[in-house]
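Encoded as structure tokens, the structure appears first; notes follow it.
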Amino acid sequence: MIFRTARSEARTVETGAGGGGAGGSVPRHVAIIMDGNGRWAKARGLPRAAGHRQGAEAARKVLRAAGEAGVECLTLYAFSSENWRRPAEEIGDLMGLLRLYIANELDSLHKEGVRIKIIGDYKAFQPDIVKLLEASVAKTAGNTRMTLAVALNYGGRSELVRAARGLAERAAAGELAPEAIDEAALDSALDTADLPPLDLLIRTSGEYRLSNFLLWQSAYAELLFVDTLWPDFDGDALRAAIADYSGRERRFGGR
Ligand code: FPP
């Protein structure tokens with residue numbers, strides 16, 4: 001574990017034990033816990049919705065920078081399964097923003113070769129949003145330049161439960177021998193089955209928690225915690241995060 005001085009820009013915790021190396025490479029798969037929209041708005045005397053709007057703008061910039069840097073997959077935690085506990089008005093604002101984001105961005109994402117993928121139990125959303133999401137996924141399914149995975153009504157534990165249940169159902173139906181349930185089988189039953197292994201997980205706003213995000217997938221990911229509030233995170237911040245990752249040494253438990 002590496003914990004830099006309190007004054008440094010980013011505090012880093014390595015899950016592997018040093019050695020080996022990210023070898024100056026670009027992470028194939030970056031995931032972000034986009035935190036701090038509310039504090040960003042509060043600091044400006046604005047409603048929380050304004051923070052979320054600026055957060056959606058940050059997501060747009062960061063996606064572009066990730067594509068330019070050669071990141072294959074960017075996964076964004078846009079709505080957690082715990083976010084239903086927020087006031088109805090804020091949930092409504094977030095849903096409105098999601099509709100707007102799809103309406104404004106879908107065509108340009110498609111033109112730029114971005115495949116959209118949804119992880120999480122998104123079918124719990126309102127029917128019009130489910131339809132919009134499924135149409136976006138279908139329209140962009142053949143794109144290969146990069147993948148944008150949006151986590152919606154996502155929780156790592158519930159993803160693991162759904163995966164375990166799916167495997168159990170196949171075992172009960174005689175399609176899968178219980179002894180065939182290994183790490184690879186569980187991995188391939190997760191929402192992220194077709195994504196590259198997670199290399200770098202970033203959380204903004206100075207909080208040091210995973211908050212139920214990509215629990216299985218982060219086993220050997222590099223973790224980066226930055227103080228920047230999400231609406232202020234941009235292409236330069238992503239490039240700095242990638243540079244930090246490139247300087248890390250990864251051993252995946254080896255020597
Ligand atoms: C956390 O900030 C952020 C969220 C719960 C929502 C994230 C959503 C967006 C960035 C906008 C939508 C994005 C897309 C891709 C459509 P917070 O409200 O918990 O902030 P706080 O901790 O400062 O209160």
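The values are calculated or read from the model by the stated rules, or taken from the named source; none is laboratory data. On a predicted model such as this, the values are computed, not experimentally measured, just so you know. Glycine gets a Cβ as well: all are built from the backbone with ideal geometry, and neighbour counts include every protein chain shown. Note: accessible area is taken over every heavy atom of the protein model, side chains too, but ligands, DNA and RNA are not part of it. Shrake-Rupley method; radii C 1.70, N 1.55, O 1.52, S 1.80 Å.
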Inset, instruction - Could you check, for the stretch 216-223, whether at least one of its residues is within 27 Å of L106 (Cα to Cα) and aromatic (F, W, Y)? - result: no
Inset, instruction - Could you check how many residues of the stretch 32-77 are among the hydrophobic types (A, V, I, L, M, F, W, C) and more than 23 Å from E90 (Cβ to Cβ)? - result: 7
Legend entry - Restricting the stretch 26-75 to residues that are assigned to a loop (DSSP other than H, G, I, E, B) and small (G, A, S), the residue that is farthest from the ligand (Cβ to nearest atom): G70
Inset, instruction - For L109, work out the one condition from (1) on the phi > 0 side of the Ramachandran plot; (2) surrounded by 13 or more Cβ atoms within 10 Å (Cβ to Cβ) it doesn't fulfil. - result: (1)
Legend entry - Hey, S136 open to solvent by less than 30 Å² (accessible area, probe 1.4 Å), away from the ligand (no atom under 11 Å from the Cβ), more than 17 Å from the chain's Cα centre (by Cα) and not basic (K, R) or not: yes
Inset, instruction - Scan the stretch 59-75 for residues that are over 14 Å from the mean Cα position of the chain (by Cα) and either open to solvent by less than 60 Å² (accessible area, probe 1.4 Å) or among the hydrophobic types (A, V, I, L, M, F, W, C) (or both) and report the count. - result: 4
Legend entry - All positions within the stretch 76-98 that are of a type in the set (D, E, K, R) and more than 9 Å from the ligand (Cβ to nearest atom): E82, R85, E89, D93
Inset, instruction - Report whether or not D194 is exposed (fewer than 15 other Cβ atoms within 10 Å of the Cβ), modelled with pLDDT of 95 or more, within 30 Å of A241 (Cα to Cα) and among the acidic types (D, E). - result: yes
Inset, instruction - Return yes or no: is A171 open to solvent by less than 40 Å² (accessible area, probe 1.4 Å), of a type outside the set (V, I, T) and part of a helix (DSSP H, G or I)? - result: yes
Inset, instruction - Being small (G, A, S) and either touching a residue at least 24 places away in the same chain (Cβ under 8 Å) or crowded, with 16+ Cβ neighbours inside 10 Å (or both) narrows it down to one of A184, A189, so name that one. - result: A189
Inset, instruction - Could you identify the single residue in Y245, Y208 that is exposed (fewer than 14 other Cβ atoms within 10 Å of the Cβ) and aromatic (F, W, Y)? - result: Y208
Inset, instruction - Mind listing just one residue for me: the one in the stretch 139-162 that is surrounded by 20 or more Cβ atoms within 10 Å (Cβ to Cβ) and in a helix (DSSP H, G or I) and, of those, farthest from the chain's Cα centre (by Cα)? - result: E159
